[in-house]
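Worksheet: the structure to be examined is printed underneath.
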Amino acid sequence: MRVIRHLARVGSRLPRVVLTLGNFDGVHRGHQAILARAVAEARSRGGQTVALTFHPHPVTVLAAERAPGMIQSLHDRLATLRHLGVDVTVVQRFTREFAAHDPDAFITRFILPSLDLAHVIVGYNVTFGRNRAGTAETLRALGARYGFGVDAVGPVAEGDAAVSSSGVRRAIVAGDVAAARLLLGRPYDLRGRVVTGEQRGRTLGFPTANLHVGRRLVLPADGVYAVYARAGGAPMPAVLNVGVRPTFGELRRTIEAHVLDWQGDLYGRWLELEFVAHLRGERRFSGPDELRRAIADDVVRARAALAASPPASP
């Protein structure tokens, strides 16, 4: 997949484009339905699928106090789009100046000079342009004027609610990784670089890899999880603790993975965690001995949960 930073840098006008656009945060099942339709349309036309996404998240620019935590980093979002068959992704830097253009200007000044639009596939609730005035109906009217077709996809439902990024975030924040998996259509995962920690786990007999993750990412509820850990190779069973380690009176939130049946140095490496089950909430124990016994119990329960749920394909 080709990645282009900003529409202005596309260069030669891309031919036979089937375009889809959105934030695609998490690339959940609703997004996947849109992208699958766009990829199929492009293949049928002998064209290429172009996904236009925005960075940073528009709310971060327009109302920072209401900005949501992101489900995926930009790197991971692009990897998921590539996996789903997108040919080109344009990452448009979102600024107040960009947001000020009305829907017609968005199409005529930003899209058409760079993309030879054959068709546009969007979500049923898409909005674009100044004050989010553009909708799927707006796009259809613009398509009739400028010569491209438009289809709207969705919603995709889970139970009695439409699948959405906000729904995925709620599940993650609640620690409900099973619900997050249903909405995402794949396991919820989190990726970070292993950094030096306090090494308390080592003193307890359960050494951990301490992860540093992007500061804008939404994080799961404090507690203990059964996860698979990948450091560029095969998935490894692990127990993950998210929280402030109240037994030691600490306040800084950490993300620490104890990789089972494995010895080695992970410092400085990227570790991807695939969440399988929430085992318990974070608790304050009377001291190291009680905590050690609790961790040993966590390991037993994690092994059982992981044995019942094989890792997803990378």
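Before moving on, here are some points about what is shown:
- Residue under evaluation Leu139, criteria (1) touching a His at 6+ places or on another chain (Cβ under 6 Å); (2) surrounded by 18 or more Cβ atoms within 10 Å (Cβ to Cβ), criterion not met: (1)
- Any chance Phe275 is outside any strand (DSSP E or B), in the same structural domain as Arg193 (by TED's automatic domain parsing) and touching a helix residue (DSSP H, G or I) at 6+ places or on another chain (Cβ under 6 Å): no
- Residue within segment 160-167 that is surrounded by 20 or more Cβ atoms within 10 Å (Cβ to Cβ), farther than 16 Å from Gln32 by Cβ and touching a residue at least 60 places away in the same chain (Cβ under 8 Å) present: no
- Val244 vs. criteria over 21 Å from the mean Cα position of the chain (by Cα), closer than 30 Å to Pro56 by Cα and touching a residue at least 24 places away in the same chain (Cβ under 8 Å): yes
- Among the residues of segment 36-45, at least one is within 19 Å of the chain's Cα centre (by Cα) and either in the same structural domain as Val156 (by TED's automatic domain parsing) or among the small types (Gly, Ala, Ser) (or both).
- Condition check for Phe285: modelled with pLDDT under 95, of a type in the set (A, V, I, L, M, F, W, C) and buried (at least 18 other Cβ atoms within 10 Å of the Cβ): no
- Considering residues of segment 249-280 that are closer than 14 Å to Ala302 by Cβ and acidic (Asp, Glu) only, the residue surrounded by the fewest Cβ atoms within 10 Å (Cβ to Cβ): Asp261
- Single unsatisfied condition, Asn131 versus (1) in the same structural domain as Phe24 (by TED's automatic domain parsing); (2) assigned to a strand (DSSP E or B): (2)
- Residues of segment 14-72 that turn out to be closer than 24 Å to Arg216 by Cβ and among the hydrophobic types (A, V, I, L, M, F, W, C), as a count: 16
- Considering residues of segment 207-230 that are of a type in the set (Gly, Ala, Ser) and under 14 Å from Leu260 (Cβ atoms) only, the residue surrounded by the fewest Cβ atoms within 10 Å (Cβ to Cβ): Ala229
- Residue selected from segment 296-314 under the condition among the small types (Gly, Ala, Ser) and under 26 Å from the mean Cα position of the chain (by Cα), by the criterion farthest from Val224 (Cα to Cα): Ser313
- Segment 90-99: number of residues that are modelled with pLDDT under 95 and either within 24 Å of Gly46 (Cα to Cα) or more than 27 Å from the chain's Cα centre (by Cα) (or both): 0
- Cβ-Cβ under 8 Å pairs, at least 6 apart or on other chains, segment 279-296 side in contact (Cβ under 8 Å) with a residue 60 or more places away in the chain, far side in a helix (DSSP H, G or I): Glu282/Pro246; Pro288/Thr203; Pro288/Leu204; Pro288/Thr247; Leu291/Leu204; Leu291/Thr247; Arg292/Leu204; Ile295/Leu204
- Criterion: of a type in the set (Gly, Ala, Ser), surrounded by 14 or more Cβ atoms within 10 Å (Cβ to Cβ) and touching a strand residue (DSSP E or B) at 6+ places or on another chain (Cβ under 6 Å) - qualifying residue of Ala33, Ala67: Ala33
The values are calculated or read from the model by the stated rules, or taken from the named source; none is laboratory data. In this text, all values refer to a predicted model and were calculated from it rather than measured experimentally. All Cβ positions, glycine included, derive from the backbone under ideal geometry; neighbour counts span all protein chains shown.
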